[in-house]
Amino acid sequence: MALTGLLTIMGTIVAGALLLQWVAARARRDRLAESQKIPFLGGSAPNTHAWQRFHVRYYSMTLLFIAFEMEMMFMYPWAVVYVAEGVKALAEMGMFLAILTVGILYGWREGIFRWQ
Amino acid sequence: MTLTTILIVAAALIGIGLYGTLSQQSFVMLMMGLELMLNGVMLAAVGFWSLTAGGLPTGQLLTIIAMAVMAVEMAVGFALITAVYRNRQADVTEGLTTLKH
Amino acid sequence: MTLIALTVAWVAFLLGMAWYIAVLDGLWAAAREGRAPRAPLANPLYRCATILRQQSNLTEAPDLLNWRLAPALYAGLAGTGVALVPFSSASVLADLEVGIVWWGAVEALTVVVVFLHGWSANSQLGLIGAYRYVAIGLPVMLISMFVLIAAALPAESLAVPKIIESQRELWNVIRQPLGLPLFLLLGLSLSFRGPFNYADSADIAGGTAAEVSGAPRLVWEFARLAMLTAVATVAASVFLGGYLGPWLPGPVWLVLKTTAVLLVSVGLSHQLARISPSRMMTLIWTVLLPLSFLHLVWAGVLAL
Amino acid sequence: MNVTDIAFWIFAAIAVVSGWRVFCTDSMVRASFLLMLSFIAVGLIMVLLNAPYLGIATVFMMAVEMMVMALFMVMYMMNPAGLNPMMMVHQHRFSIAAGVFVFAALTGLIVVTRFSSNPVAPDAEVVVGLGKELLGDSMLIFETAGVTLLATMVASVILSSRSGRFGEADTGAVPPPLEPGGEPAGRQPEQASGHAHHHH
């Protein structure tokens, strides 16, 4: 099974890392005072939680990215048969990428690769 | 792992997804329900492809198209949410009442 | 049995390479400051001991589960990255038919894990690092995928061992010269070093790691080094022929090539300046992405 | 029961349980990554079903999509971390009933139907088959997908981008009133959209 090796090494490292954190936490019994738990802000006190509505300034880029990334789904199988199919494969993928590039150019023109 | 068990797991995902889609007020959570339903559909499609279709290539293509539908749904869905939020500051389905009046 | 032996070997490799990168970093810092390095070989170990002696920091109401999981998962993802690469023609831990697709998944999941690390501390600076990293981490992924697909063209396969075997006559670094530099930029982005340090940079007081100390910090810093190692190992296999080479046995070649790639990566990370995240995002979409298109066309025409 | 079966049941349990927890957790970021976990488990089941490409590709596509989902959660939720728990649901009983009914109906159908057995050969080159299909008979589907994705890109940029060619997208936008027919509530976009120079 192809997954065995992958899951084994993942499991080993994740378990080891969690164990190290757990043992280290058990080994030190001293507790942090509440005043020590204030998030670091260069000395000033936070007046809000960090977890709140946030204006992520590149949101349009992420939407373009989701649509563009779909093309990867088609490219991997294409790469496998590329040599066997020859010029036809080059032409078809060239067309496909050209179509999608129009989208990127449009997005660039609308300024979505900057902070909105 | 038989086709029946796979399809039952897929049905469970579709059922949970339907619950989420119908019950959630917030747009983003509603989309999570839709995605979960598509997740079940993809699992069922691959199950059929692998166990009854004998590895017909078009079966895999169907799954890829389902994934593309999901990507399109997400991109356009979020863009619509952004447009609606910008114009009306609404982030729940109840905020949209234009069609009622 | 081979499974256990290979797992142990790869974990040891990751630890050794992490130590090597830390030594290089120390030497580089000393050279920049114009002083003689003190105990350069033992210094990384002292640093480990220092961090482990620290108290693990906590914040008010953190997402503790994700905060502890994120560094562990990040290191685990680096491990699955090296697992794709064979030591020799017979020994590969994860013999995945679609190896480079899994590498793409490692990149995508890394973005998720780094975001979670910055998110779960419930601290402003960590969140800024997390948001910034997503802006850069997502588009950079496209470039690396194009570069790896270009390398898969002559091999007619997505499996890393087959890509290595396709380089018996000529290494990909000569056949597809743009691939290695573009992939090294990805490596800097995945382990956020130098010009791509948008997650943990000094201007936001350590970013996603601003609140992290003690054992979680040790795991996090190790994971960053391990991820760079994974990138270098994949780069050595996909562009420099991996275990292929005359006279010496395969594993030795792989280690030599990986250390060489790491030397270049560390050098780049200390030499290149960083630009603002929005400019970097524009640069990636408008310069680096077209370059990777060009690279793909070049590789495609050559592979016909 | 062999290893594959055990792996299948583990992955299936992860997929269903994390899919269910999506709608129970208060933290929106956790919810989107739980959904990602559900997708990853389904992807791994696909690998078990001899579809390695589709399975692993599901993992990376969904990791990216759920990352973006989490970002939008933070942008649009009052309370993205669920610090004060709340349920934002409507027609709750009906939804539960609909979900259970659909699951029961589908399961009933699945149990009574007899499926023909024609499994994919273990040594079949499924990725090659997919590639040939894409470039051969299904070429039009493939190129149509390109056009569809282009349309998606353009549409999402038009809808979401703030700085359009004809001025800011939120010019003239009015927030909804708290009461029907009342005063607009909340932030007034005109004041916050960087047109301060109008007041000079």
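The values are calculated or read from the model by the stated rules, or taken from the named source; none is laboratory data. If you're wondering where the values come from, they're calculated on a predicted model, not measured in any experiment. Counting neighbours? That spans all protein chains shown, and the Cβs are built from the backbone with ideal geometry, glycine included.
Search the stretch D:94-123 for residues being under 14 Å from B:G55 (Cα atoms) and surrounded by 15 or more Cβ atoms within 10 Å (Cβ to Cβ), and hand back the single one that is nearest to the other protein chains (Cβ to nearest Cβ).
Here the residue is D:V120.
List pairs: first in the stretch C:268-290 and assigned to a helix (DSSP H, G or I), second hydroxyl-bearing (S, T, Y), Cβ under 6 Å, 6+ apart or cross-chain?
The qualifying pairs are C:P277/C:Y198.
Look at the stretch C:23-39 and say how many of its residues are surrounded by 15 or more Cβ atoms within 10 Å (Cβ to Cβ) and more than 16 Å from C:Q271 (Cα to Cα).
Selection size over the stretch C:23-39: 2.
Under 6 Å between Cβ atoms, which residue pairs at least 6 apart in sequence (or on different chains) link something in the stretch B:12-33 that is in contact (Cβ under 8 Å) with a residue 24 or more places away in the chain and more than 25 Å from D:I110 (Cβ to Cβ) with a partner that is part of a helix (DSSP H, G or I) and among the hydroxyl-bearing types (S, T, Y)?
From the stretch B:12-33, the pairs are B:Q25/B:T93; B:V28/D:Y76; B:L30/B:T21.
Only one of these is away from chain A (no Cβ under 11 Å), assigned to a helix (DSSP H, G or I) and either among the hydrophobic types (A, V, I, L, M, F, W, C) or under 17 Å from C:F196 (Cα atoms) (or both): C:I136, C:I164. Name it.
C:I164
If you take the residues in the stretch A:25-41 that are exposed (fewer than 12 other Cβ atoms within 10 Å of the Cβ) and in a loop (DSSP other than H, G, I, E, B), which one is nearest to the other protein chains (Cβ to nearest Cβ)?
Looking at residues that are exposed (fewer than 12 other Cβ atoms within 10 Å of the Cβ) and in a loop (DSSP other than H, G, I, E, B), I get A:D30.
Only one of C:A209, C:A260, C:A235 is of a type in the set (A, V, I, L, M, F, W, C) and within 23 Å of A:L6 (Cβ to Cβ); which?
Sole residue among the options that is of a type in the set (A, V, I, L, M, F, W, C) and within 23 Å of A:L6 (Cβ to Cβ): C:A235.
Could you grab me the full set of residues in the stretch D:22-39 that are buried (at least 16 other Cβ atoms within 10 Å of the Cβ), free of Cβ contacts under 8 Å to residues at least 24 places away in the same chain and more than 10 Å from chain B (Cβ to nearest Cβ)?
D:L37, the sole residue that qualifies.
Just checking, which of C:S292, C:S265, C:S276, C:S269 is within 30 Å of A:Y58 (Cα to Cα), touching a Lys or Arg at 6+ places or on another chain (Cβ under 7 Å) and of a type in the set (S, T, N, Q)?
C:S269
So, in the stretch D:141-161, of the ones that are facing chain A (nearest Cβ under 7 Å) and more than 18 Å from A:M73 (Cα to Cα), which residue ends up modelled with the lowest pLDDT?
D:S161
Working only within the stretch D:71-93, note down all residues that are part of a helix (DSSP H, G or I) and more than 7 Å from chain B (Cβ to nearest Cβ).
If the condition is that a residue be part of a helix (DSSP H, G or I) and more than 7 Å from chain B (Cβ to nearest Cβ), then D:L71, D:V74, D:M75, D:R93 are the ones that fit.
Check off (1) out of contact with any Pro (no Cβ under 6 Å at 6 or more places or on another chain); (2) of a type in the set (A, V, I, L, M, F, W, C); (3) closer than 16 Å to C:S189 by Cβ for C:A202 and give me the number that stays unchecked.
Only one criterion is unmet by C:A202, namely (3).
Could you tell me which of the residues B:Q24, B:Q60 is farther than 26 Å from D:A70 by Cβ, buried (at least 22 other Cβ atoms within 10 Å of the Cβ) and among the polar types (S, T, N, Q)?
None of the other options fit; the residue is B:Q60.
Could you please find all residues in the stretch D:56-78 being of a type outside the set (A, V, I, L, M, F, W, C) and buried (at least 24 other Cβ atoms within 10 Å of the Cβ)?
D:T58, D:E65
Based on what the data block shows, is C:T59 among the hydroxyl-bearing types (S, T, Y) and modelled with pLDDT of 90 or more?
No, not satisfied.
Which condition number in (1) closer than 18 Å to D:T58 by Cα; (2) of a type in the set (F, W, Y); (3) at pLDDT below 90 is the one that A:Y82 fails?
(1)
Here is a list of conditions, (1) of a type in the set (A, V, I, L, M, F, W, C); (2) buried (at least 16 other Cβ atoms within 10 Å of the Cβ); (3) farther than 28 Å from C:A223 by Cβ, and A:M10 meets all of them except one; can you say which number that is?
Looking at each condition in turn, A:M10 falls short on (3).
Hey, any hits in the stretch D:65-82 for a residue that's outside the structural domain of D:I10 (by TED's automatic domain parsing), among the β-branched types (V, I, T) and over 14 Å from the mean Cα position of the chain (by Cα)?
no
Residues checked against (1) in a helix (DSSP H, G or I); (2) out of contact with any Ser or Thr (no Cβ under 9 Å at 6 or more places or on another chain); (3) away from chain D (no Cβ under 11 Å); (4) closer than 30 Å to C:W285 by Cβ:
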{"site": "A:V23", "(1), (2), (3), (4)": "yes, yes, yes, no"}
{"site": "A:G43", "(1), (2), (3), (4)": "no, yes, yes, no"}
{"site": "A:R57", "(1), (2), (3), (4)": "no, no, no, yes"}
{"site": "A:T62", "(1), (2), (3), (4)": "yes, yes, no, yes"}
{"site": "A:I99", "(1), (2), (3), (4)": "yes, yes, no, yes"}
{"site": "A:L105", "(1), (2), (3), (4)": "yes, yes, no, yes"}
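Which of the residues belonging to the stretch B:23-40 are among the small types (G, A, S) and more than 7 Å from chain D (Cβ to nearest Cβ)?
Matches in the stretch B:23-40: B:G33, B:G40.
Among (1) among the hydrophobic types (A, V, I, L, M, F, W, C); (2) within 25 Å of the chain's Cα centre (by Cα); (3) under 30 Å from C:V11 (Cα atoms); (4) surrounded by fewer than 18 Cβ atoms within 10 Å (Cβ to Cβ), which single condition is A:L19 missing?
Result: A:L19 fails condition (2) only.
When residues of the stretch C:153-178 are filtered for being among the aromatic types (F, W, Y) and surrounded by 24 or more Cβ atoms within 10 Å (Cβ to Cβ), how many remain?
0
C:L52 fails exactly one of the following numbered conditions: (1) within 14 Å of another protein chain (Cβ to nearest Cβ); (2) part of a loop (DSSP other than H, G, I, E, B). What is the number of that condition?
(2)
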